[in-house]
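The values are calculated or read from the model by the stated rules, or taken from the named source; none is laboratory data. Just so we're clear, the structure is a prediction, and the values are computed from it rather than from any experiment. Quick reminder, even Gly has a Cβ in these numbers, built from the backbone with ideal geometry, and neighbours come from all protein chains shown.
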Amino acid sequence: MSMDVKRIFISSLVYLVIALLLMSIMLPIVWIVVTSFKPESVAKIPSVWVFEPTLDNYRYIASIKPIWKPLADTLLVATSVAILSLAFGTPAAYALARYEFRGRDDLAFWILTFWMSPPVVFVIPLFLMFDRMGLLDTYIAIVLAHTLGNLPFVIWLMREYIRDVPREVEEAALIDGYSDAQVFARITLPLIKPGLVAVGILAFIFSWIEFLFALVLTTFNVRLLTVEVSSYWTIAGVILGPMTAAITISIIPATLFAFILQKHIVRGLTLGAVKGE
């Protein structure tokens, strides 16, 4: 087998594997979108792909059981979580990346262990704490819970992005008379902007899809999409058409957000691929 034929064979095999992976990822999404246009009489029959499309399921979630408040609440909470996670996580990551002190790496790993811990470990203490403070079923409670859940992940990733910024750039600014805070704000932050965007979007998405904290800490005043979608599972069975319509609507904002900022996401996720040292 010549080198050209071998190269073509390997490339074809790689593309085949990628295509199969994309199909396995996209098939559930395609099924959800298709089912959202099915009449309820055939919605529960997965094998039916030929049918007369209907918008009844979307009318149901628009008027009979409106999804607009859960959608607005989720957008508000996820945006707040992304901003707060970066606002508190980035300075902490900078301290762990730039300042030398005893046990620094152990502290960084200890922070990461909170991200690896199951959410059920924290939900009861948070419920009791917010209950005593009178914060249950408020935006403050769910935003704080999601922010605390995302902080370890944000700190760990931003630490790696900051470590990829050459120290010489910051040292030159210090020689020019900049303070540590000015170096962080005027030098480091602009250099890691793609990383900030990528991590912020991930924090947004993690908050958008979170279910356990939303279920336990919110009831009526605050209603998130994940809890709203689960409410279509009733004693009488699953109202599949409206449920898939609600899921389809819930996919759109995060997808558009990621699509619009995809350039920054790619740059942010590849920022640490090449060391600056």
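So here's what we get for this one:
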read-out	value
Complete set of residues in segment 187-200 that are part of a helix (DSSP H, G or I) and surrounded by 13 or more Cβ atoms within 10 Å (Cβ to Cβ)	Ile187, Thr188, Leu189, Leu191, Lys193, Pro194, Gly195, Leu196, Val197, Ala198, Val199, Gly200
Selection from segment 248-271 of residues that are at pLDDT 85 or above and buried (at least 18 other Cβ atoms within 10 Å of the Cβ)	Thr248, Ile249, Ser250
Test result for Ile10, β-branched (Val, Ile, Thr), in a loop (DSSP other than H, G, I, E, B), without any contact (Cβ under 8 Å) to a residue 40 or more places away in the chain and out of contact with any Pro (no Cβ under 6 Å at 6 or more places or on another chain)	no
Subset of segment 136-159 (residues that are surrounded by fewer than 17 Cβ atoms within 10 Å (Cβ to Cβ) and either among the charged types (D, E, K, R) or without any contact (Cβ under 8 Å) to a residue 12 or more places away in the chain (or both))	Asp137, Ile140
Test result for Ala245, of a type in the set (Gly, Ala, Ser), surrounded by 22 or more Cβ atoms within 10 Å (Cβ to Cβ) and in contact (Cβ under 8 Å) with a residue 24 or more places away in the chain	yes
Condition check for Asp56: at pLDDT 85 or above, surrounded by 12 or more Cβ atoms within 10 Å (Cβ to Cβ) and touching a Leu at 6+ places or on another chain (Cβ under 8 Å)	no
One residue from Thr54, Thr90 being of a type in the set (Val, Ile, Thr) and part of a helix (DSSP H, G or I)	Thr90
Check on Asp56, closer than 23 Å to Pro253 by Cα, more than 27 Å from the chain's Cα centre (by Cα) and touching a residue at least 60 places away in the same chain (Cβ under 8 Å)	yes
Every pair of residues 6+ apart whose Cβ atoms lie under 6 Å, when the first sits in segment 180-208 and is in contact (Cβ under 8 Å) with a residue 60 or more places away in the chain and farther than 20 Å from Thr147 by Cα while the second is assigned to a helix (DSSP H, G or I) and not basic (Lys, Arg)	Phe184/Tyr94; Ile192/Tyr161; Pro194/His264; Pro194/Gly268; Pro194/Leu271
Filter pass, Leu107 being of a type outside the set (Lys, Arg), more than 22 Å from Ile247 (Cα to Cα), within 26 Å of the chain's Cα centre (by Cα) and assigned to a helix (DSSP H, G or I)	yes
Test: residue in segment 124-140 that is touching a Pro at 6+ places or on another chain (Cβ under 7 Å) and under 26 Å from Thr226 (Cα atoms)	no
Restricting segment 61-91 to residues that are under 13 Å from the mean Cα position of the chain (by Cα) and among the β-branched types (Val, Ile, Thr), the residue that is farthest from Asn150 (Cα to Cα)	Thr74
Enumeration of residues in segment 201-225 that are surrounded by fewer than 19 Cβ atoms within 10 Å (Cβ to Cβ) and part of a helix (DSSP H, G or I)	Ile205, Phe206, Ile209, Leu212, Leu215
Residue in segment 60-77 that is in a loop (DSSP other than H, G, I, E, B), surrounded by 12 or more Cβ atoms within 10 Å (Cβ to Cβ), in contact with a helix residue (DSSP H, G or I) (Cβ under 8 Å, 6 or more places away or on another chain) and of a type in the set (Phe, Trp, Tyr) present	no
Evaluation of Leu135 against (1) modelled with pLDDT of 90 or more; (2) within 22 Å of the chain's Cα centre (by Cα); (3) not charged (D, E, K, R) (one fails), failing number	(2)
